[in-house]
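Notes follow the structure.
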Ligand SMILES: O=C(O)C1=C[C@@H](OP(=O)(O)O)[C@@H](O)[C@H](O)C1
Ligand SMILES: C=C(OP(=O)(O)O)C(=O)O
């Protein structure tokens, strides 16, 4: 995941390949709750691992549910069977509607004292219609802040005191999650007897009690009536489908009346698999439709998905995508170009429809998305957010209480924009698609980590299939002990870019040569070059990993230094390493540290820094380093060594150490590391098309 303050996506030209997407948020959180309410063990495969599921898992664990995760990511959940192990808890539910709403209903019925909170935006997302329905029933829920919104305090009631004889009325026109919450939780009451016992309002149940506390097992039908036009209907289908998997068959009359039959009881299906997220798939379906290339294959979800957002493929086809599908896969490629404008009632695909709003920029006329009032009460006011950010790209956008109309952007009309993401994962994800603009302008996504809500590795997944004509690179060259390694690592970290420590490549080549039983004589040159070309090397958090093995320590030895120097003199090895070094230039960008990065390896780099410090300062730094490791030396001898090495490096015939003519000189003799980092980042901003972020 990118935890940087911003992520710059360079202009992208094409895309091809296969992506495997993470599990569906809507299925994951429903399955977790149902598994917790049921008796017995449920093994969940392919569960989504993201902020929204983590808050649900933490809440269930706080309620006493036992959850074990195995190495392959499979989860074993021991259901509570309606038996509250912890009748008192304070739960933090982030910004997960699929946790806040269903847990409110379940906990109101389970009997206990619970506080439910979320992030500030969650406290602006409505829940009043659900609380009204629960209150009507006899549940006791108080608002701890603004009436109609979380945070909430839930008090215990006995199931036998609930008013279940008349239909429970719930409004369906603000969020379908209120109805989902009731459907998921009310089977808890379907076993409850008619209220023959005096109500035991207000008292906590004894630890481990099974509701209704001591009442005879009986049952009754529970009827829910939806008031107003139900929105986001396909999400109710997911709910009904998963309830059925857990043994509860809800009868429904249209979208108005839902009946949970008397005696309904959650029964764990044993094993359950979570499909990949169809809303997450929308970005890759759009990618296939927009990008030139052989197309995108999406694995984990197919056209027969139980998720309503899969209908996004109909809209994408209407706009010109070629979509093929099979069991658990989709294949999408570009068919019509420009895309065809669309006018669509998007009420059934509220989340995926945001992706259409960005696709609309590439269309042959204005596109209109209608009946999307619910966008205003999601992670942010999504109609406002989309309109603002699309306009920053240069687009003309009209919007109203429940619609948005986007005019396409002509070539030459696109502007490089810093996209504000409003802590909304979908804003971050869908705007990445603007990087395919014909004007070749980059897109800056602010606070990209908000994708953690449902798709923590979204950008990594995008970069694994997208192509950029020019991946940005920053070169930091300089003499020994100038501190370029530390500077390079830090600049790369702050930009979310890859990092190349080119000096280490020669050391690793030497190490691999030794391990293969070779020596640096000309007889082995070709074989060493072959090894160098395919070094399975990763730089990760200051470590050097060779095929996953941390070899950082092996590379620091004197012998490794000698081997590095010998292999670097073999011309075939230098050629092989040239290709290897260039292969590090991958999306979203690279910061490369070395001696010939700007002069030989990446002569077209947008920013070249030549870092130096006086010999006296460098000798002093090296001296402190060695002394701290218990190695005794003198500053004078170190300085003499450094000066001799500088002379050798700058006078060698192959790739001598010298600043590239277009390099910016940075003398850090009197600078802290932070000051050098800030300077390089400031230079980087100067060569970017964005206003400062
Ligand atoms: O039940 C669900 O899993 C969801 C229902 C939808 O919300 P609304 O019913 O509020 O539109 C959707 O936007 C949300 O991401 C997930
Ligand atoms: C609206 C969304 O989330 P939530 O489940 O929090 O409602 C969403 O994921 O787009």
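Out of 289, 281, 315, I need the residue that is within 16 Å of ligand 2 (Cβ to nearest atom), assigned to a helix (DSSP H, G or I) and either outside the structural domain of residue 431 (by TED's automatic domain parsing) or in contact with a helix residue (DSSP H, G or I) (Cβ under 8 Å, 6 or more places away or on another chain) (or both). Which one?
Details: 289 fails: within 16 Å of ligand 2 (Cβ to nearest atom); 315 fails: within 16 Å of ligand 2 (Cβ to nearest atom).
On inspection, the qualifying residue turns out to be 281.
Based on what the data block shows, is residue 596 surrounded by 19 or more Cβ atoms within 10 Å (Cβ to Cβ) and more than 30 Å from residue 416 (Cα to Cα)?
The answer is yes for residue 596.
Could you tell me which residue of region 398-442 is nearest to ligand 1 (Cβ to nearest atom), considering only residues that are surrounded by fewer than 20 Cβ atoms within 10 Å (Cβ to Cβ) and over 27 Å from residue 469 (Cβ atoms)?
Of everything passing the filter in region 398-442, 402 is nearest to ligand 1 (Cβ to nearest atom).
Kindly indicate which of 316, 357 is over 20 Å from residue 294 (Cβ atoms) and crowded, with 19+ Cβ neighbours inside 10 Å. It would help to see each step written out before you state the result.
Working: 316 fails: over 20 Å from residue 294 (Cβ atoms).
Of 316, 357, the one residue that is over 20 Å from residue 294 (Cβ atoms) and crowded, with 19+ Cβ neighbours inside 10 Å is 357.
Checking residue 368 against (1) assigned to a loop (DSSP other than H, G, I, E, B); (2) more than 16 Å from ligand 1 (Cβ to nearest atom), which single condition isn't satisfied?
(1)
Yes/no per residue for (1) assigned by TED's automatic domain parsing to the domain that holds residue 383; (2) within 25 Å of the chain's Cα centre (by Cα); (3) at pLDDT 95 or above; (4) under 29 Å from residue 120 (Cα atoms):
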| position | (1), (2), (3), (4) |
| --- | --- |
| 425 | yes, yes, yes, yes |
| 437 | yes, yes, yes, no |
| 446 | yes, yes, yes, yes |
| 485 | no, no, no, no |
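Kindly state which strands (runs of 3 or more DSSP E) lie completely within region 373-421 and contain at least 1 residues that are in contact (Cβ under 8 Å) with a residue 24 or more places away in the chain and under 28 Å from the mean Cα position of the chain (by Cα).
403-406, 417-419
Being assigned by TED's automatic domain parsing to the domain that holds residue 509, over 33 Å from the mean Cα position of the chain (by Cα), buried (at least 20 other Cβ atoms within 10 Å of the Cβ) and in a helix (DSSP H, G or I) narrows it down to one of 577, 611, so name that one.
Among 577, 611, only 577 is assigned by TED's automatic domain parsing to the domain that holds residue 509, over 33 Å from the mean Cα position of the chain (by Cα), buried (at least 20 other Cβ atoms within 10 Å of the Cβ) and in a helix (DSSP H, G or I).
For region 66-80, how many residues are closer than 25 Å to residue 152 by Cβ and without any contact (Cβ under 8 Å) to a residue 60 or more places away in the chain?
Residues meeting the conditions: 3.
Working only within region 47-62, note down all residues that are buried (at least 22 other Cβ atoms within 10 Å of the Cβ) and either away from ligand 2 (no atom under 16 Å from the Cβ) or closer than 18 Å to residue 267 by Cα (or both).
60
For region 337-357, state whether one or more residues are on the phi < 0 side of the Ramachandran plot and either modelled with pLDDT under 95 or not assigned by TED's automatic domain parsing to the domain that holds residue 438 (or both).
No, the conditions are met nowhere in region 337-357.
Pairs, please: C-beta under 6 Å, at least 6 apart or cross-chain, first residue in contact (Cβ under 8 Å) with a residue 12 or more places away in the chain and in region 339-360, second within 15 Å of ligand 1 (Cβ to nearest atom) and assigned to a loop (DSSP other than H, G, I, E, B)?
Here the result reads 345/371; 346/372; 347/231; 347/371; 350/232; 353/346, each pair linking region 339-360 to a residue that is within 15 Å of ligand 1 (Cβ to nearest atom) and assigned to a loop (DSSP other than H, G, I, E, B).
With 332, 323, 301 as the choices, which residue is within 16 Å of ligand 2 (Cβ to nearest atom) and either in a loop (DSSP other than H, G, I, E, B) or more than 29 Å from residue 179 (Cα to Cα) (or both)?
Working: 332 fails: within 16 Å of ligand 2 (Cβ to nearest atom); 323 fails: within 16 Å of ligand 2 (Cβ to nearest atom).
From the options 332, 323, 301, the qualifying one is 301.
Residues that are within 15 Å of ligand 1 (Cβ to nearest atom), out of contact with any helix residue (DSSP H, G or I) (no Cβ under 8 Å at 6 or more places or on another chain) and closer than 28 Å to residue 388 by Cβ: does region 324-346 have at least one?
Scanning region 324-346 turns up at least one residue that is within 15 Å of ligand 1 (Cβ to nearest atom), out of contact with any helix residue (DSSP H, G or I) (no Cβ under 8 Å at 6 or more places or on another chain) and closer than 28 Å to residue 388 by Cβ.
The values are calculated or read from the model by the stated rules, or taken from the named source; none is laboratory data. These numbers come from a predicted model, not from an experiment. Neighbour counts run over all protein chains shown; Cβ positions are idealised from the backbone, glycine included.
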